[in-house]
1. Would you confirm, using the coordinates I've provided, whether Leu60 is in contact with a Lys or Arg (Cβ under 6 Å, 6 or more places away or on another chain), aliphatic (A, V, I, L, M) and buried (at least 20 other Cβ atoms within 10 Å of the Cβ)?
2. Every residue in the range 190-230 that is surrounded by fewer than 16 Cβ atoms within 10 Å (Cβ to Cβ), over 18 Å from Cys113 (Cβ atoms) and β-branched (Val, Ile, Thr), please.
3. Assuming Val73 fulfils every condition listed in (1) under 29 Å from Lys5 (Cα atoms); (2) surrounded by fewer than 21 Cβ atoms within 10 Å (Cβ to Cβ); (3) among the hydrophobic types (A, V, I, L, M, F, W, C) apart from one, which condition is it?
4. With the checklist (1) out of contact with any helix residue (DSSP H, G or I) (no Cβ under 7 Å at 6 or more places or on another chain); (2) within 16 Å of Phe13 (Cα to Cα) in hand, flag the one item Asn81 doesn't pass.
5. Considering only residues of the range 120-131 that are in contact (Cβ under 8 Å) with a residue 40 or more places away in the chain and part of a loop (DSSP other than H, G, I, E, B), which is farthest from the ligand (Cβ to nearest atom)?
6. Condition first: within 26 Å of Glu108 (Cβ to Cβ) and of a type in the set (A, V, I, L, M, F, W, C). Now tell me which residues in the range 189-204 satisfy that.
7. I need the full set of residues from the range 188-223 which are of a type in the set (Val, Ile, Thr), modelled with pLDDT under 95 and touching an Asp or Glu at 6+ places or on another chain (Cβ under 8 Å), in order please.
8. For the list (1) touching a residue at least 60 places away in the same chain (Cβ under 8 Å); (2) within 25 Å of Lys211 (Cβ to Cβ), I need the number of the one condition that Ser17 fails.
Amino acid sequence: MDSKKPELVKEMFNRISNDYDKLNDIMSFGLHRFIKKDIIKNLGFKNAKILDLCTGTGDLAGILKARYPQSQVTGVDFSPNMLEIAKKKNPRIEFLQADCTQLPFENESFDLCVISFGLRNIEEMEKAISEIYRVLKKGGIFINLDLGKPNKFFNFFLKPYMYLWIATMGKFFHGDETPYKYLAVSNETFPSPEELIKIYEKTGFSNIKNKNYLFGQIAAQKTYKVKREM
Ligand SMILES: C[S@@+](CC[C@H](N)C(=O)[O-])C[C@H]1O[C@@H](n2cnc3c(N)ncnc32)[C@H](O)[C@@H]1O
């Protein structure tokens, strides 16, 4: 599958939902958990309103609730099957089925919006980023975690891993390599952290910082919606 048409993406995640967590752990050697904890540490929230977009099976939503227990965490995804698993894993968190390009929230509702390994799947990515900006309160924080652009040397070793290991694991555990090959292909068309930063700036975000993990294979950007000067 080399298209990001929302219906196809939703259908694919519905299909792989039961294996998603297991495969995520195998493919990343469990490292995604450490990185997710790292990106949301030291935010100093108490009674914040937090939105986890493309929440999938609710991993990051669960990590946020454990780290900031007095905060209200909401997870959003358009795949009902992924959300079903998220709800079972996190009974204290509210999950909603919605498309990230049309969020069902009032303007300036959240203190923090996070999205992990989600933007890469959204055909109208810039529309989703505008929606994030809209629903964030002034002074609110946006954090995006996704695959980055590793340097050429690292990529030389990584590409065979992406195409062969991930597709083989997909076929072995799931009987179908297509969704896992999609992971590699979707990454090739996904903007680099530098290009993403330009999109955030165009949207209105400021004070943007990028942090690389695993030699740039994974990258997180943190940015703020700041009150504009009149
Ligand atoms: C790779 S998973 C990431 C799940 C989770 N955030 C994680 O880090 O493991 C991507 C998720 O994004 C969801 N998704 C993709 N496009 C979406 C959209 N336009 N609106 C809502 N959810 C979307 C998919 O259904 C899927 O659950």
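1. Values: in contact with a Lys or Arg (Cβ under 6 Å, 6 or more places away or on another chain): yes; aliphatic (A, V, I, L, M): yes; buried (at least 20 other Cβ atoms within 10 Å of the Cβ): yes.
Judged against the criteria, Leu60 is a match.
2. Passing the criteria: none in range.
3. (2)
4. (1) is the only condition that Asn81 fails.
5. Filtering first and then ranking leaves Glu123.
6. So in the range 189-204, the residues within 26 Å of Glu108 (Cβ to Cβ) come out as 196-204.
If the condition is that a residue be within 26 Å of Glu108 (Cβ to Cβ) and of a type in the set (A, V, I, L, M, F, W, C), then Leu196, Ile197, Ile199 are the ones that fit.
7. At the first step, the residues of the range 188-223 found to be of a type in the set (Val, Ile, Thr) are 189, 197, 199, 203, 208, 218, 223.
Imposing the further condition that a residue be modelled with pLDDT under 95 reduces the set to 189, 218.
If the condition is that a residue be of a type in the set (Val, Ile, Thr), modelled with pLDDT under 95 and touching an Asp or Glu at 6+ places or on another chain (Cβ under 8 Å), then Ile218 is the only one that fits.
8. Result: Ser17 fails condition (2) only.
The values are calculated or read from the model by the stated rules, or taken from the named source; none is laboratory data. Treat the numbers as computed from the prediction; the structure is a model and nothing was measured. Because the Cβ atoms are built from the backbone with ideal geometry, glycine has one as well, and the counts that use them run over all protein chains shown.
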